[in-house]
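Trainee: My questions all concern the structure below.
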Ligand SMILES: NC(=O)c1ccc[n+]([C@@H]2O[C@H](COP(=O)([O-])OP(=O)(O)OC[C@H]3O[C@@H](n4cnc5c(N)ncnc54)[C@H](OP(=O)(O)O)[C@@H]3O)[C@@H](O)[C@H]2O)c1
């Protein structure tokens, strides 16, 4: 049975990826801070929720170090976003984005790279279109995602001789809770946002490529470009 680790498994894209992996026959270790709020948590003996704030490096390494099965897929979806004019963002928010969006995946991958290489496994980073396009009112968030995409590209170059696949997925507006801290939400028109399931499908596509083929990056964009201002931010 293939084994996967998913961060951000308690919500949005990471939760949809976990469900997809379970359908595909994986045993899934899912990291999140709070699974109690998930009303439709996968009820599956092959799903193992692991509670951890990934900013707590010691706990993250302890928890993932205790996974004693050969992981062949690691999908890093955990992320947080704060928006606004850069001079108005608090230091705490900037630090949280750096710690969750780029420091934690670097630490986690360093820790698990040997296992993944031995399996000729697949590392998938859920980055963002803000890694490649300007992100006004999201400059710091976009910078963490650009760093994540650059990290993935170099990790691939460093490890492809071992057969490791590294995939970067760069979604645009997706209908999840990510915008809880923003004064806007993705447009409600069905064509104006991606679904977490559509992003999970791109993860499945990357994982199921024939041997010898790596889909290095995937950029997903809604058909229609539209955001909506929240009435009560
Ligand atoms: N939604 C979009 O439009 C969009 C677009 C491009 C890229 N992305 C990226 O997609 C990824 C998933 O986001 P989402 O849209 O699915 O948002 P989401 O529904 O808010 O999910 C975020 C996930 O990250 C986890 N997380 C956040 N901080 C954490 C921490 N300190 N420790 C452990 N887990 C933490 C959350 O866990 P808890 O809830 O348990 O804390 C949750 O499972 C993020 O990297 C985001 O940047 C999203």
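Trainee: Quick one: would you say residue 51 is under 18 Å from the mean Cα position of the chain (by Cα) and within 11 Å of the ligand (Cβ to nearest atom)?
Mentor: For residue 51, the condition - under 18 Å from the mean Cα position of the chain (by Cα) and within 11 Å of the ligand (Cβ to nearest atom) - is met.
Trainee: How do the pairs read when you match residues in the range 11-40 that are within 23 Å of residue 61 (Cα to Cα) with residues anywhere that are in a helix (DSSP H, G or I) and away from the ligand (no atom under 13 Å from the Cβ), using Cβ under 8 Å and keeping only pairs 6 or more apart or on different chains?
Mentor: 28/21; 28/22
Trainee: Report yes if residue 121 is buried (at least 20 other Cβ atoms within 10 Å of the Cβ) and touching a residue at least 40 places away in the same chain (Cβ under 8 Å), otherwise no.
Mentor: yes
Trainee: Out of the residues in the range 178-194 that are at pLDDT 90 or above and under 16 Å from residue 128 (Cβ atoms), state the one that is nearest to the ligand (Cβ to nearest atom).
Mentor: For the range 178-194, the residue satisfying everything is 178.
Trainee: State which residue is nearest to residue 170 (Cα to Cα) when the search covers only the range 187-203 and only residues that are assigned to a loop (DSSP other than H, G, I, E, B) and touching a strand residue (DSSP E or B) at 6+ places or on another chain (Cβ under 6 Å).
Mentor: 193
Trainee: Out of 74, 60, 89, I need the residue that is within 14 Å of the chain's Cα centre (by Cα) and in contact (Cβ under 8 Å) with a residue 40 or more places away in the chain. Which one?
Mentor: Going through 74, 60, 89 in turn, just one is within 14 Å of the chain's Cα centre (by Cα) and in contact (Cβ under 8 Å) with a residue 40 or more places away in the chain: 74.
Trainee: Something else now. Being surrounded by fewer than 14 Cβ atoms within 10 Å (Cβ to Cβ), more than 9 Å from the ligand (Cβ to nearest atom) and either under 19 Å from the mean Cα position of the chain (by Cα) or assigned to a helix (DSSP H, G or I) (or both) is the filter here; which residues of the range 23-38 pass it?
Mentor: Once the filter is applied, which keeps residues that are surrounded by fewer than 14 Cβ atoms within 10 Å (Cβ to Cβ), more than 9 Å from the ligand (Cβ to nearest atom) and either under 19 Å from the mean Cα position of the chain (by Cα) or assigned to a helix (DSSP H, G or I) (or both), the range 23-38 yields only 23.
Trainee: Okay, next question. Identify all residues within the range 139-177 that are within 16 Å of the ligand (Cβ to nearest atom), farther than 17 Å from residue 219 by Cβ and surrounded by fewer than 18 Cβ atoms within 10 Å (Cβ to Cβ); write none if there are none.
Mentor: 139, 177, listed by residue number.
Trainee: A further question on this structure: Test residue 41 against the criterion of being outside any helix (DSSP H, G or I), surrounded by 14 or more Cβ atoms within 10 Å (Cβ to Cβ) and modelled with pLDDT under 95, and give yes or no.
Mentor: Yes; evaluated as a whole, the condition is true for this residue.
Trainee: Would you check if residue 101 is part of a helix (DSSP H, G or I) and either crowded, with 18+ Cβ neighbours inside 10 Å or touching a helix residue (DSSP H, G or I) at 6+ places or on another chain (Cβ under 9 Å) (or both)?
Mentor: For residue 101, the condition - part of a helix (DSSP H, G or I) and either crowded, with 18+ Cβ neighbours inside 10 Å or touching a helix residue (DSSP H, G or I) at 6+ places or on another chain (Cβ under 9 Å) (or both) - is met.
Trainee: Within the range 79-94, is even one residue crowded, with 16+ Cβ neighbours inside 10 Å, in a helix (DSSP H, G or I) and at negative phi?
Mentor: yes
Trainee: Of the residues that sit in the range 204-232 and are outside any loop (DSSP other than H, G, I, E, B) and farther than 16 Å from residue 172 by Cβ, which one is modelled with the lowest pLDDT?
Mentor: The extreme case among them is 229.
The values are calculated or read from the model by the stated rules, or taken from the named source; none is laboratory data. Predicted model only: the values in this text are computed from it and were never measured. Cβ: placed from backbone, ideal geometry, glycine included. Neighbour counts: every protein chain shown.
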